[in-house]
There are 2 protein chains.
Amino acid sequence: MKFEAVTIKHIAQELGLSTSTVSRALRDSHEISAATKKLVLEHAKKVGFKPNRIAQSLKERKSLSIGVIVSEIANSFFSQVINGIESIAYSHGYTVIIAQSMESADRELSNLEYLTSSSIDGLIISVSAETKNYSYLKKLHERGLPIVFVDRAIDDIETHKVIADNFKGAYKATKHLIQKGYKRIAILSNNSSLSISQERLDGYRAALQEAKIPVKENLITYCDHGGMIYAEVENAMKTLLKQRIKPDAIFAGSDKITTGCLKFMKQKNIRTPADLALIGFSNTDLTELLNPPLSVIRQPAFEMGQASASLLLSLIESKKLHTKFETRIQSTELLIRKST
Amino acid sequence: MKFEAVTIKHIAQELGLSTSTVSRALRDSHEISAATKKLVLEHAKKVGFKPNRIAQSLKERKSLSIGVIVSEIANSFFSQVINGIESIAYSHGYTVIIAQSMESADRELSNLEYLTSSSIDGLIISVSAETKNYSYLKKLHERGLPIVFVDRAIDDIETHKVIADNFKGAYKATKHLIQKGYKRIAILSNNSSLSISQERLDGYRAALQEAKIPVKENLITYCDHGGMIYAEVENAMKTLLKQRIKPDAIFAGSDKITTGCLKFMKQKNIRTPADLALIGFSNTDLTELLNPPLSVIRQPAFEMGQASASLLLSLIESKKLHTKFETRIQSTELLIRKST
DNA sequence: TTTATTTACGCAATCGTTCCCGAAGTTTTA
DNA sequence: TAAAACTTCGGGAACGATTGCGTAAATAAA
């Protein structure tokens, strides 16, 4: 089965013109007479001509498509980021190809190979929690592939970055817990090698130090797969609750970890916030319907997506080599509800 | 900035061969000697040759990409469907291009135009709630574009369809409510023109009739945008609750409508299930953490995605004209929790 | 009226691959 | 030993759109 599209050649033949004339007429070139232009345009519309993007790509040596790698599209934060990216990309005629790393370094690498072989013009990536070795990504960048980091960046690669104000978000959340009277605030952080984890941890530490509360290392735990695997949240929680003096509040470092904690508390019949308060980073819009309604730090995901797409397109469309890159830090929002 | 890739021509020149020989060697043609093959393959690996997919697409007249149109990727059901599609497509070397209609007929149409101009080899679509006019889609199908419907199908277009057993799902849910003693079961259906709405409504009616409960038309309401706009859920609920004899149970016809109902009940301080029971179609994995944990009908979304991708690839790769199409009906799962 | 300039179009190369032919050189068959 | 059949490779034409260059005809300038 083949899907026969109408080409410039067909139009040329039917109108008794050359393909170059038709092409130029369609692109509104000045060297085509008004009459011919009208003739071609009307005929093209009549037969439903759509330029073959593949041929255009080959000729122009660009694909008009950008790749996006996120950990999981089912994650509200990332689906909102993608919506932001698409809103910009589509309006500039770019296709968005989405790939999911599922927090796996292997899958990230194969996505990377896949996208580059699809000759994407640029890449927006939020690196996976597992990834330790960035050499492939770095090589791509050095070979000239425009890259923009969103949410999770790599210090080593100099390019545009769009991130939330993780420090301040974590700081505000921790401060809120302190003000509510919680004394032993534990943190379930995402993989320690991620930039966001470090920033959030720093915010957490800063708030504690400001309140003269000592930072206890045994209240800091990590979920190396960002909560993608429930067992790691479960283990982290168990370790925390096994201690002599149990924590009275939990600060969760990602969407998945936040809901994972809640799930754990439900299963163990831990009352929230009576027994244990809970706050976390989350962009789910179901958090207020949960039991109890969750206090969360919300990131401007859609806007972050838009910003990263704009920056990427500016990289792609600029001819010269970029040397100055910006890091856009967008502010987070603290939503206080029943869980704290 | 350009990203210079190594081509077959480079290899040919460096090895003193012709491009045709190199091409054939890479494709393991029988008419190339083992020695030459080895030479070419080793050199290709050394210089990191990756065939240009765009050129291949142009030559082969296929893009090795498939389009997917769903209402919203943030919707758990669809993100799971997409994961299923990707798992099959990627393993067959196909790129998946995702577009969101947001339940809007206009956006669906522009997505359609966009995807076809990207010369996709096939399309998997779950039509938007708003769409009434399928002529464009039908024309594409008649012109030979392989199409598979997932979840929401159109009777008018004869092709493969992968749907959940909506009738049985709705029947089981309604029967469950009846067994629990609910008498006045209202339904908040998705747009009435959708196939799934009709099927679910039929299941609802069948269960009531079986229990000899009269079907009251004033207990049947519609959310034309599938709950995408909260106001329509709100209105529907208000209308239902304004009646002399209020309903004692709600059956919600989609993910968004289900959570929309819960949100409404929360806002109005309606206790669930004491004042009003709630059950609905949903694939969110947060439903058990909600307040109260929601009883839901869950669809095998991932498997539905896999099935539709397999069917689409078989359509794409078969040379001859297909005349026999199948409709795969996959069974749903009833998860009973506190809300009923 | 002759020359210069502009207008409006066609020819052909190009992007990177694939593949139909044709043509050597080698081996097998009659 | 001559003809037939392989084997192994190169030339070159596609795929569809774009674009530099060339060139008639039409117009403007001299």
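Readers should treat all values here as calculations from the given coordinates under stated rules, not as data from a laboratory. Quick caveat, the model's predicted, so the values are computed rather than measured. Positions of Cβ are backbone-derived with ideal geometry, glycine not excepted, and every protein chain shown enters the neighbour counts.
So here's what we get for this one:
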read-out: Neighbouring partner chain Cβ atoms per residue of B:100-108, average, 10 Å criterion; value: 1
read-out: Only Lys, Arg (+1) and Asp, Glu (-1) charged, at Cβ; the protein assembly as shown dipole about Cα centre in debye; value: 840 debye
read-out: All-pairs alpha carbon distance profile, the range A:166-299, 10 Å steps from 0, percent; value: 13, 50, 34, 2
read-out: Fully extended contour minus Cα-Cα distance, from B:Lys138 to B:Ser192, at 0.36 nm per residue; value: 17.4 nm
read-out: Residue of chain A whose Cβ sits closest to the axis mapping A onto B, with distance in whole Å; value: A:Asn291, 1
read-out: Dipole moment magnitude, nearest 20 debye, the range B:186-290 about Cα centre, only Lys, Arg, Asp, Glu C-beta charged; value: 500 debye
read-out: Mean projected area in nm² (Cα convex hull; one quarter of hull surface) for chain A; value: 21.9 nm²
read-out: Cut-off 15 Å between beta-carbons: net charge of the residues surrounding B:Ala231, Lys and Arg +1, Asp and Glu -1; value: 0
read-out: Distance in nm between pseudo-label sites at A:Leu109 and A:Ile245 (7 Å out along the Cβ direction from Cα); value: 4.5 nm
read-out: Phi-based couplings in Hz for the range A:119-136 (Karplus 6.51, -1.76, 1.60; Gly and Pro marked x); value: 6, 6, 7, x, 9, 10, 9, 10, 4, 6, 5, 6, 4, 10, 9, 9, 4, 5
read-out: Most positive-pole-ward Cα, A:Ser71, A:Val233, B:Ile329, against dipole of the protein assembly as shown from beta carbon charges; value: A:Val233
read-out: Most positive-pole-ward Cα, B:Phe281, B:Ile196, B:Leu208, against dipole of the range B:166-299 from beta carbon charges; value: B:Leu208
read-out: Mean residue ellipticity (222 nm) of the protein assembly as shown, computed from DSSP H runs ≥ 4 via -39,500 (n - 2.57), nearest 500; value: -13500 deg cm²/dmol
read-out: Net dipole in debye of the range A:74-182 [+1 Lys, Arg Cβ; -1 Asp, Glu Cβ; about Cα centre; nearest 20]; value: 500 debye
read-out: Taking only Cα atoms of the range B:124-163, radius of gyration then Dmax in Å; value: 9.4, 25
read-out: Stretch gain in nm, segment B:Ala55-B:Ser87, where the contour uses 0.36 nm per residue and the Cα spacing is subtracted; value: 9.0 nm
read-out: Geometric extent, Cα atoms of the protein assembly as shown - Rg, Dmax (angstrom); value: 27.7, 89
read-out: Number of partner chain Cβ atoms within 10 Å, mean per residue of B:84-97; value: 2
read-out: Percent RCO, i.e. relative contact order, over the range A:166-299, from Cα pairs under 8 Å lying at least 6 residues apart; value: 25 percent
read-out: From phi via Karplus (6.51, -1.76, 1.60), per-residue ³J(HN,Hα) for the range A:331-338 in Hz, x at Gly/Pro; value: 7, 9, 10, 9, 10, 8, 9, 5
read-out: Average Cα contact separation per residue, chain B, under 8 Å, 6 or more apart, as relative contact order %; value: 18 percent
read-out: Reach of A:Lys138 by Cα under 24 Å, taken over lysines that are not fewer than 8 positions away in the same chain; value: A:Lys62, A:Lys161, A:Lys319, A:Lys320, A:Lys324, B:Lys2, B:Lys45, B:Lys46, B:Lys50
read-out: Shielding by partners - mean other protein chain Cβ count within 10 Å, residues of A:56-64; value: 4
read-out: Inter-probe distance in nm under a simple model that places probes 7 Å from Cα toward Cβ, at A:Lys238 and A:Glu210; value: 3.6 nm
read-out: Loop sites in the range B:7-53: trypsin sites (Lys or Arg not before Pro), DSSP, at most 13 other Cβ within 10 Å; value: B:Arg27
read-out: Simple label model, 7 Å out from Cα along Cβ direction - B:Asp156 to B:Lys338, nm; value: 4.7 nm
read-out: The range B:217-233 - phi-based ³J(HN,Hα) in whole Hz, Karplus 6.51/-1.76/1.60, Gly and Pro as x; value: 5, 6, 9, 10, 10, 10, 10, 5, 9, x, x, 4, 9, 4, 4, 6, 5
read-out: Along chain A, longest interval not containing exposed GluC sites (Glu not before Pro), exposed being DSSP loop plus at most 11 other Cβ atoms within 10 Å; value: A:32-325
read-out: Charge context of A:Ser57, other residues only, Cβ under 11 angstrom, K/R +1, D/E -1; value: +3
read-out: Per DSSP, loop chymotrypsin sites (Phe, Trp or Tyr not before Pro) in the range B:264-340 with at most 14 further Cβ within 10 Å; value: B:Phe325
read-out: Cα radius of gyration and Dmax for the range B:8-51 (Å); value: 9.0, 24
read-out: Euclidean distance between Cα centres, the range B:250-269 to the range B:157-208, Å; value: 17 Å
read-out: Dipole axis of the range B:21-157 (+1 Lys, Arg; -1 Asp, Glu on Cβ), positive-most option in B:Val47, B:Gly122, B:Leu112; value: B:Val47
read-out: Fewest-first ranking of A:Leu262, B:Leu315, using other Cβ atoms within 10 Å as the exposure measure; value: B:Leu315, A:Leu262
